[in-house]
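Colleague: Sharing a structure below in structure tokens format, with a few things to ask.
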Amino acid sequence: MTEDVRDTVAGDAADAATPVNVEATPEAEVVESIAGEGSAAGDEAVVEGPAPEGAATEGRATTEASAEGRATTEASAEGRAPEAPDYKDRWLRTEADLQNFRRRAVRDREESVARAEENVLLDVIGLLDDLERALATMTAEQTAEPWAQGVVLTAQRMRDTLARYGVTPIAAVGEPFDPAVHEALLEVPAPEGIAPGAVAQEVQRGYRRGERALRAARVVVARSGSEG
């Protein structure tokens, strides 16, 4: 009897240790179905859900920066087109002003030098007038004197100096009266051999430098006999 009890207990223990294959109940299937649908919905939410706000902001910022860069480039290109001719025009005007200034400076300097030279030359002409008047009053005996020869040589040196600076005497007697180089003092009846309107007498010799009169000749002009 004792052995029968032991066999019974050992059989129960063996049955307890053996795994039991429990079939899935309808309630378990419902739970698993709900869990599967939730997982699928979560996956769809992850895939189809809106992008994070930070990523969208970065995208808009990049797009705006690109648009601004293009706008700046276009504006720069449009701005350079009208500025280039303006700068060139300013440069040409400045260059022209500089060239005109240089020409005026050269012309003013040349005119200043010419005026200074003319003033000195007029002084020399005045001294030559005095020497020629002195020589005109000498007698034949005085002309032979050594001092008179010195006066003649000095007057000639002055003439040579004037010629070196382009100063030449103005032709007067017998020439038609020219107000540009002649200064009329009075009119007289035309003497023999002098045409009316021509210079009959030279009172003071005139000198010219180039085409311009340095000192006009003072003259007496012949008039026709019919004029009162």
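Bear in mind these aren't lab numbers, they're just calculated from the coordinates by the rules spelled out. Bear in mind the structure is a predicted one, so any value in this text is a computation, not a measurement. Here the Cβ positions follow ideal geometry from the backbone for every residue, glycine too, while neighbour counts run over all protein chains shown.
Colleague: Under 5 Å between amide H atoms, partner at least 5 residues away or on a different chain: which partners does Glu183 have, H built in plane at 1.01 Å?
Modeller: Counting only residues 5 or more places away or on other chains, the set is Ala217, Arg218, Val219.
Colleague: Something else: Below 14 angstrom from the Cβ of Gln99, what's the summed charge of the other residues (Lys, Arg +1; Asp, Glu -1)?
Modeller: +3
Colleague: While we're on this one: Place the peptides 168-174, 189-195, 218-224 in order of packing, highest mean first, counting for every residue the other Cβ atoms within 10 Å and averaging per peptide.
Modeller: Details: 168-174: 16.1, 189-195: 12.1, 218-224: 18.7.
The densest-packed peptide leads the list: 218-224, 168-174, 189-195.
Colleague: Taking H placed 1.01 Å from N in the peptide plane, check which residues at least 5 places from Gly197 or on another chain put their amide H under 5 Å from its amide H.
Modeller: Excluding prolines and chain starts, which carry no amide H, the hits are Ala222, Arg223, Ser224.
Colleague: Describe numerically, in nm with one decimal, the distance between label points set 7 Å from Cα along Cα→Cβ at Ser224 and at Arg133.
Modeller: Between Ser224 and Arg133, the label points sit 3.7 nm apart.
Colleague: Find how much the distance from Val173 to Gln204 grows on full extension, using 0.36 nm per residue of separation minus their present alpha carbon separation; answer in nm with one decimal.
Modeller: Going from the current span to full extension adds 10.0 nm.
Colleague: Another one. Quick check: from the Cα gyration tensor, does the stretch 167-228 come out rounded (a/c under 1.5), prolate or oblate?
Modeller: prolate
Colleague: Let's test the formula: R0 of 22 Å, r as the Cβ-Cβ distance of Tyr165 and Ser112. What FRET efficiency results, to the nearest 0.05?
Modeller: 0.85
Colleague: So if each residue of separation counts as 0.36 nm, and I subtract the Cα-Cα distance between Gln142 and Asp86, what length gain in nm does that give?
Modeller: Details: separation 56, 0.36 × 56 = 20.16 nm, distance 8.05 nm.
This chain segment gains 12.1 nm when fully extended.
Colleague: If we count every other residue with Cβ under 13 angstrom of Ala200's Cβ, Lys/Arg +1 and Asp/Glu -1, where does the sum land?
Modeller: Taking every Cβ under 13 Å from that of Ala200, the sum is -2.
Colleague: Using 1/(1 + (r/R0)^6) with R0 = 22 angstrom and r between the beta carbons of Glu183 and Arg212, what's the FRET efficiency to the nearest 0.05?
Modeller: Working: r = 15 Å, r/R0 = 0.66.
It comes out at approximately 0.90.
Colleague: Still on this structure: Expressed in nm to one decimal, what extension gain is obtained for the pair Asn119 and Glu192 from 0.36 nm per residue of sequence separation less their Cα-Cα distance?
Modeller: Numbers: separation 73, 0.36 × 73 = 26.28 nm, distance 3.86 nm.
That works out to 22.4 nm of additional length.
Colleague: Would you work out which of Ile194, Ala105, Tyr165 lies farthest towards the positive end of the dipole of the stretch 88-201? Charges go on Cβ: Lys and Arg +1, Asp and Glu -1.
Modeller: Of the listed residues, the answer is Ala105.
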